[in-house]
Amino acid sequence: MFSTERRGQVGIGTLIVFIAMVLVAAIAAGVLINTAGLLQAQAQQTGEETTAEVSNVIQVGEIVGTAPSSSEKIKTINLTVRLASGSDPINISKASYTVSTNGNATVVSGDPKSSNVVTKLVGKQGTVKGDSRGTNNSDDMILSEQQDLIIVQMNLDSSGLEPLEDNGELQIVAQAPAGGNTYKSVTAPRRINEGESYIL
């Protein structure tokens, strides 16, 4: 005859093993779910950053250089900037620029309050927040629509840069705060006269 006591002990042992396996499986499933969630969040963040770098770009348009009445060198430039197609709103006050003249390059802030090169921001078209931004103006200048246009005024006789001479080359890289960059290269006229402005 079979012993009922022995069969009961075997059943309890099997139950304990089964419960242990269920607990291990539950813990493993929890770890996998947490890992999958973390990877998904990282992938989403990476995707958003990559999209921003590709789409959020400052488009640099015309550049006008001006020589003062006492010099035959271009010391001030005004460049027009707007949103590239598909870009989200960009705060131009928080942009940065790499500027190179005659082989001398420097990286400058796009905020006139903290830069010796960028001296003024002026909203010229569209629904730009604020009319201008200079050393005494604290309003941010934000490009939010495709038709918005801002003029960035720069002093080339500052922060290690040199004014543009005849046939001088100017190179500018405009870097959006959380996006891509735009490269622009122009050349000064063969002859620069005092007190005149030129489209570069």
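Assorted remarks:
- Pair list, Cβ < 7 Å and 6+ apart or interchain, from the stretch 27-45 residues that are closer than 25 Å to residue 178 by Cβ to residues that are aromatic (Phe, Trp, Tyr) and assigned to a helix (DSSP H, G or I): none
- Which numbered condition residue 80 misses (of (1) under 23 Å from residue 194 (Cβ atoms); (2) not in a loop (DSSP other than H, G, I, E, B)): (1)
- Residue 157 at negative phi, at pLDDT 85 or above, assigned by TED's automatic domain parsing to the domain that holds residue 194 and crowded, with 16+ Cβ neighbours inside 10 Å: yes
- Residue in the stretch 52-68 that is among the acidic types (Asp, Glu), out of contact with any Asp or Glu (no Cβ under 9 Å at 6 or more places or on another chain), at pLDDT 85 or above and closer than 27 Å to residue 157 by Cβ present: yes
The values are calculated or read from the model by the stated rules, or taken from the named source; none is laboratory data. Please read these numbers as outputs of a predicted model, since none were measured by experiment. Neighbour counts run over all protein chains shown; Cβ positions are idealised from the backbone, glycine included.
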